[in-house]
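Can you keep this structure in mind? I'll have questions shortly.
None of the figures in this text is laboratory data; all of them are computed from the coordinates on show. Here the structure is a predicted model, which means the values were calculated and not measured. Methodologically, a virtual Cβ is constructed for each residue, glycine included, from the backbone with ideal geometry; neighbour enumeration extends over all protein chains shown.
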Amino acid sequence: MERFTPAERWVHRSLALLMGACLLTAFALYYGPVSLAVGHRHAVELVHVWAGYALVVPLLLGLASPAYRRDAGRLNRFSPEDWRWLRSRNRRDGSFGVGKFNAGQKLNAALVSGSVVVLVGTGTLMFWTGLVRLAWRTGATFAHDWVALGLGLLVLGHIWFAVNDPEARAGMRTGRVSERWAEKEHPAWAAGRRGGAPGTGRGRATRR
C-alpha cells in the first residue's frame, strides 16, 4: 500500500539531514569538551546558522507536490478523535479511527514546526548582532537555548519511535507499507484507501 510519494520522502530526508547538522553543531558549540576537540568554532557556527536557514527550503519546495500539500493539511487538522487518542492508554487497541497520521505524529509536526520558527527568529537576532539592543539579544539567547534543548529531546523521541517501528521506517524509506500494518496502526486511512470500513475490504466510507 503506497504511503508516501518520492517528493514527500525527499522532503523528510532533507529535513533530517539539515536538522541533524543543526543539532550536532549546536552540541559542538555549547558542550565545552566537544567544542575544544572540534575547534574551528567560527566554521561550526556558520554551518549551524546556514543549516538552520536552509530548513525552510525543502518545506517550500515540497509545496510543488499535491500529495505533500494534502498530507500537510492532514497534519494540521486535529479532530475530536485525535484528542481521545491522546488521552487514552489503549490507543493502539484498534478502537480508534486513526487516519493517515495519529495525534502523536500531528503533535510532533506542530512542535517541530513551531520550534523551527522560534529558533530561526532568535538565531537571527543572535547572529546579526546589530539588529536589536543587547537586552533583546539576551532574551533571544535564553529562548534559543531552551527551545533548542526541547527540540533535541523531541527529535530523539521521534528517532526512538522510528527505531521501534520497522514498518513505519520502511514506509518512509520505500514509500510503501503492508496492509496489515496500515489496518492496525491507521485503520481509517487504510479503509479510505480501499474504499471500505476499518477492518474490512469494502463497505461504508469512513473519515480519513
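Just going by the charge dipole of the stretch 6-194, with Lys and Arg at +1 and Asp and Glu at -1 on Cβ, which of Gly32, Val98, Gly157 is farthest out on the positive end?
The Cα lying farthest towards the positive end belongs to Val98.
Please give me the summed charge of the neighbours of Leu75: other residues whose Cβ is under 12 Å from its Cβ, Lys and Arg +1, Asp and Glu -1.
For residues surrounding Leu75, the net value is +3.
When the scattering of the stretch 1-117 is computed by the Debye formula from its Cα atoms alone, each counted once and equally, what is log10 I(q)/I(0) at q = 0.20 Å⁻¹?
-1.07
Considering only DSSP states other than H, G, I, E and B, which trypsin sites (Lys or Arg not before Pro) in the stretch 61-93 qualify as loop sites with at most 16 other Cβ atoms within 10 Å?
Loop-located and lightly packed - Arg77, Arg89, Arg91, Arg92.
Within the chain, what's the longest stretch lacking chymotrypsin sites (Phe, Trp or Tyr not before Pro) that sit in DSSP loops with no more than 12 other Cβ atoms inside 10 Å?
Details: sites that count: Tyr31, Trp128.
By the stated rule (loop sites, at most 12 other Cβ atoms within 10 Å), 32-127.
With +1 assigned to the C-beta of every Lys and Arg and -1 to the C-beta of every Asp and Glu, and no other charges, what is the dipole magnitude of the chain about the Cα centre in debye, to the nearest 20?
On the way: 28 positive and 13 negative charges, 175 e Å.
Dipole size: approximately 840 debye.
Right, another one. So what's the Cα pair-distance distribution over the stretch 66-120, bin width 5 Å, in %?
Taking every Cα pair in the stretch 66-120, the percentages come to 4, 18, 26, 21, 16, 9, 4, 1.
Then there's this: Over the stretch 44-176, what is the relative contact order in percent, taking alpha-carbon pairs closer than 8 angstrom and at least six residues apart? Each step should come with its number before you reach the end.
On the way: 64 pairs, mean separation 23.6, N = 133.
Averaging sequence separation for qualifying contacts and normalising by length gives 18 percent for the stretch 44-176.
Please give the calculated 222 nm ellipticity per residue for the chain, where each DSSP H segment of at least 4 residues contributes -39500 (n - 2.57) and the sum is spread over every residue; nearest 500 deg cm²/dmol?
Dividing the helical sum by the residues of the chain leaves -23000 deg cm²/dmol.
Separate question: Which entry in [x] 224; [y] 144; [z] 131 matches volume of the Cα convex hull per residue in Å³ derived from the coordinates of this structure?
Answer by label: [y].
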